[in-house]
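Undergrad: For reference, the structure I am asking about is given below.
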Amino acid sequence: MQRLSIAALTRLPAHIEVPAYDREACGIGIVHLGIGAFHRAHQAVYTDDILAAHGGDWAIAGVSLRGRTVPDQLNPQQGLYSVTALAGSARHCRVIGAVRRVIFAPGERPELLALMAAPATRIVSLTVTEKGYYRDPASGRLLTGDPAIAADLAAPESPATAIGLLARALDLRRQAGLAPFTVLSCDNLPDNGKSLRRLLLEYAGLISPSLAGWIEDNVAFPGTMVDRIVPAMTDEGLTSVADDLGYADAGAVITEPFSQWVVEDNFPQGRPAWETAGAMLVEDVAPYELIKLRLLNGPHSAMAYLGYLGGLEYISDCMDNAPMRAFVAALMQEEIRPTLSAPGGFDLGAYIDDLLARFANPSLRHKCWQIAMDGSQKLPQRLLGTLAWRLQRGLPIGRLALAVAGWVHYAAGIDLEGNPIDVRDPMADRLAAGLAPHLDEPQALAGAALGIEEIFTPELAANAAFAGAVTESLAALKQYGALGAVSRLAPPG
Ligand code: CS2
């Protein structure tokens, strides 16, 4: 089967939407670090809408920081790929033209830095996942001892990490007397703009205090809340898209119809008019981000660990399991919602109902195992902030503690039947070594887990009510199984 390409655009079936604008007329204005499925189904779609509606020099050069997979998927297709939104039997497919090319950073570093330093580049955005920031999850500080950051610090002119690339490219602009680009984090980090600013300043301070000062004074780091569920692509998904297009699309993504983007409006060098494509440009993104991290990603992680341990493969399976659904709904309504204050016009009750419906989407096939990845980087902003809020007020934390216990057991690398788990986490080895020896003693296991200072703040680690609740939850997991423990905390339906 032929690959999707510019030549194919006029031959696609009529129900497929195609970029109906002059791609060549739109110059590159955005360099995007980490061009995975999420960026392709989210920010690139908003930008494609803008290019179609208004044109402008806002095309995207995507960057793959480590692997050749995405360059090999997209470059032979001139950057074109399709986004298919699925809900039940409804299917909508659209080809996106916003991405012009994909750069393989390890093999094309000088070209990449030149592009980032080019006057036309006004935004450098990122979706590098939590671990791509080399941030200590508990303290928010840069992991200067991590080998990847240490290597960039030792040779800052040839960086490999996102932080190193940003610092080097900004330095090149400074030396050339150019204005900086705006740095736009689109990851699920707490306060993502501010977090990235802090990390970059820490890094720059170690290589050049004057660069750090220049960044501090000149570079904008708007915060964002990004939301669209985009499961990892499967062979089955690729086949279904090829059937639909009549062409093979190696870069295809499958997602849900829902998409939300809230962006802090702070772009001194200009930006695409994303608000005309449905994004919300606001003064303060923090409340939206907190709501999303706590109400969507928190329950996502809870389902990932408890669902996996309970033998449920997909998030939609969790929603089909009555006790699990009731548990998750109560977790959201009773334990998470009271910790949030919604901006004017934002209806938290409706938001929760919509989330439950999105989780239930049977076409998405979003694996618990996929969401379970990198838990050490995700737990604080998803669950621990909520827990700390409730503990300070002496409020019940039973369901949150069970979710944390699910993570502890999962992170030990052995499931409730004694089978090994394929744990993907930058701390996987340490977690297994520290936790697995205590799997038969809930109290020691809870103690070993809460003692991991990269994840648990000293206050949380020292909280007896928290330690007690996690211990009890670990015992319940062993005694009743994951779904049994969940049922005990699910309100009767
Ligand atoms: C998920 C997120 O994989 C995960 O950890 O919780 O990727 C989630 O699907 C997105 O944040 C939804 O916007």
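The values are calculated or read from the model by the stated rules, or taken from the named source; none is laboratory data. All figures in this text were calculated on a predicted structure; none of them were measured in a lab. All Cβ positions, even for glycine, are placed from backbone atoms using ideal geometry, and neighbour counts span all protein chains on display.
Undergrad: Right, Pro190: farther than 18 Å from His32 by Cα and either at pLDDT 95 or above or of a type outside the set (Asp, Glu) (or both) or not?
TA: yes
Undergrad: On the given criteria, is Leu290 assigned to a strand (DSSP E or B) and over 30 Å from Arg91 (Cβ atoms)?
TA: no
Undergrad: Return yes when Val31 is crowded, with 23+ Cβ neighbours inside 10 Å and within 21 Å of Ala120 (Cα to Cα) and no when it is not.
TA: For Val31, the condition - crowded, with 23+ Cβ neighbours inside 10 Å and within 21 Å of Ala120 (Cα to Cα) - is met.
Undergrad: Another question, if that's okay. Keeping to segment 431-469, report how many residues are among the hydrophobic types (A, V, I, L, M, F, W, C) and under 20 Å from Pro396 (Cα atoms). Outline the logic, then answer.
TA: Keep residues of segment 431-469 that are among the hydrophobic types (A, V, I, L, M, F, W, C), which gives 431-433, 435-436, 439, 444-446, 448-450, 452, 455-456, 460-462, 464-467, 469.
Pick out the ones that are also under 20 Å from Pro396 (Cα atoms) and you get 446, 450, 456, 460-462, 464-467, 469.
Within segment 431-469, residues that are among the hydrophobic types (A, V, I, L, M, F, W, C) and under 20 Å from Pro396 (Cα atoms) number 11.
Undergrad: Whether any residue in segment 149-169 is within 16 Å of the ligand (Cβ to nearest atom) and of a type in the set (Ser, Thr, Tyr) is what I want to check.
TA: There is no residue in segment 149-169 that is within 16 Å of the ligand (Cβ to nearest atom) and of a type in the set (Ser, Thr, Tyr).
Undergrad: Can Ala286 be described as at negative phi, in contact with a Phe, Trp or Tyr (Cβ under 7 Å, 6 or more places away or on another chain) and either surrounded by fewer than 17 Cβ atoms within 10 Å (Cβ to Cβ) or not β-branched (Val, Ile, Thr) (or both)?
TA: Answer is no for this residue.
Yes or no, residue by residue, for (1) away from the ligand (no atom under 16 Å from the Cβ); (2) at pLDDT below 95; (3) assigned to a loop (DSSP other than H, G, I, E, B):
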{"residue": "Val45", "(1), (2), (3)": "no, no, no"}
{"residue": "Gly56", "(1), (2), (3)": "yes, no, yes"}
{"residue": "Ile60", "(1), (2), (3)": "yes, no, no"}
{"residue": "Ile103", "(1), (2), (3)": "yes, no, no"}
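Undergrad: Quick check, is Arg294 among the basic types (Lys, Arg), within 13 Å of the ligand (Cβ to nearest atom) and in contact with a helix residue (DSSP H, G or I) (Cβ under 6 Å, 6 or more places away or on another chain)? Reasoning before the result, please.
TA: Working: among the basic types (Lys, Arg): yes; within 13 Å of the ligand (Cβ to nearest atom): yes; in contact with a helix residue (DSSP H, G or I) (Cβ under 6 Å, 6 or more places away or on another chain): yes.
Yes; evaluated as a whole, the condition is true for this residue.
Undergrad: Among the residues in segment 246-255, are any out of contact with any helix residue (DSSP H, G or I) (no Cβ under 7 Å at 6 or more places or on another chain) and assigned to a helix (DSSP H, G or I)?
TA: No: segment 246-255 contains no residue that is out of contact with any helix residue (DSSP H, G or I) (no Cβ under 7 Å at 6 or more places or on another chain) and assigned to a helix (DSSP H, G or I).
Undergrad: Have a look at Leu416, Leu435 and point out the one that is hydrophobic (A, V, I, L, M, F, W, C) and free of Cβ contacts under 8 Å to residues at least 40 places away in the same chain.
TA: Result of the check over Leu416, Leu435: Leu435.
Undergrad: Can I ask one more? What helices (runs of 4 or more DSSP H) completely inside segment 395-477 contain at least 1 residues that are out of contact with any Asp or Glu (no Cβ under 6 Å at 6 or more places or on another chain) and under 22 Å from Leu489 (Cα atoms)? Can you show your working first?
TA: Working: elements: 398-411, 428-435, 442-450, 458-461.
Answer list for segment 395-477: 398-411, 442-450.
Undergrad: Identify the single condition in (1) away from the ligand (no atom under 16 Å from the Cβ); (2) surrounded by fewer than 19 Cβ atoms within 10 Å (Cβ to Cβ) that Leu196 does not satisfy, given that it satisfies every other one.
TA: (2)
Undergrad: Conditions: (1) within 16 Å of the ligand (Cβ to nearest atom); (2) surrounded by fewer than 21 Cβ atoms within 10 Å (Cβ to Cβ). Thr239 meets all but one. Number of the miss?
TA: (1)
Undergrad: Taking only pairs six or more apart or across chains, which ones have beta-carbon atoms under 6 Å, a first residue in segment 186-198 that is touching a residue at least 24 places away in the same chain (Cβ under 8 Å), and a second residue that is among the hydrophobic types (A, V, I, L, M, F, W, C)?
TA: Filtered contacts from segment 186-198: Cys186/Val226; Gly193/Phe221; Ser195/Leu189; Leu196/Phe221; Arg197/Phe221.
Undergrad: Follow-up. Among the residues of segment 362-394, which ones are away from the ligand (no atom under 15 Å from the Cβ) and part of a loop (DSSP other than H, G, I, E, B)?
TA: Those that are away from the ligand (no atom under 15 Å from the Cβ) and part of a loop (DSSP other than H, G, I, E, B): Pro362, Arg393, Gly394.
Undergrad: Considering (1) within 16 Å of the ligand (Cβ to nearest atom); (2) under 19 Å from Ala476 (Cβ atoms), say which one Met332 fails and leave the rest.
TA: Unmet for Met332, out of (1) within 16 Å of the ligand (Cβ to nearest atom); (2) under 19 Å from Ala476 (Cβ atoms): (2).
Undergrad: Let me ask something else about it. May I ask you to list the residues in segment 64-99 that are part of a strand (DSSP E or B) and either within 20 Å of the chain's Cα centre (by Cα) or crowded, with 20+ Cβ neighbours inside 10 Å (or both)?
TA: Ser64, Tyr81, Ser82, Val83, Thr84, Ala85, Leu86, Cys93, Val95, Ile96, Val99
Undergrad: Looking only at segment 245-266, count every residue that is more than 13 Å from Arg3 (Cα to Cα) and more than 16 Å from the ligand (Cβ to nearest atom) and tell me the total. Show your work before the answer.
TA: Step one: of segment 245-266, the residues more than 13 Å from Arg3 (Cα to Cα) are 253-266.
In the following step, the residues that additionally are more than 16 Å from the ligand (Cβ to nearest atom) were identified as 264-266.
Of the residues in segment 245-266, 3 are more than 13 Å from Arg3 (Cα to Cα) and more than 16 Å from the ligand (Cβ to nearest atom).
Undergrad: Quick check on this structure: which one of Glu283, Glu275, Glu289 is within 14 Å of the ligand (Cβ to nearest atom) and within 30 Å of Thr47 (Cα to Cα)?
TA: None of the others qualify; the one that does is Glu289.
Undergrad: Among (1) touching a helix residue (DSSP H, G or I) at 6+ places or on another chain (Cβ under 9 Å); (2) more than 16 Å from the ligand (Cβ to nearest atom), which single condition is Pro458 missing?
TA: It is condition (1) that Pro458 fails.
Undergrad: Are there any pairs with C-beta distances below 6 angstrom linking a residue in segment 276-302 that is over 13 Å from Met225 (Cα atoms) to a residue that is hydroxyl-bearing (Ser, Thr, Tyr), with the two at least 6 apart or on different chains, and if so which?
TA: Ala277/Tyr46
Undergrad: Test of understanding: among Pro231, Pro299, which residue is within 16 Å of the ligand (Cβ to nearest atom) and part of a helix (DSSP H, G or I)?
TA: Pro299
Undergrad: Please identify the pairs in which a residue from segment 51-72 that is in contact (Cβ under 8 Å) with a residue 12 or more places away in the chain and under 18 Å from Arg23 (Cβ atoms) has its Cβ atom under 7 Å from the Cβ atom of a residue that is in a loop (DSSP other than H, G, I, E, B) and among the aliphatic types (A, V, I, L, M), counting only partners at least 6 apart or on another chain.
TA: If the second residue must be in a loop (DSSP other than H, G, I, E, B) and among the aliphatic types (A, V, I, L, M), the pairs left are Leu51/Ala98; Ala52/Ala20; His54/Ala273; Asp57/Ala120; Ala59/Ala98; Ile60/Ala98; Gly62/Ile35.
Undergrad: Right, Ile215: surrounded by 18 or more Cβ atoms within 10 Å (Cβ to Cβ) and part of a helix (DSSP H, G or I) or not?
TA: The answer is yes for Ile215.
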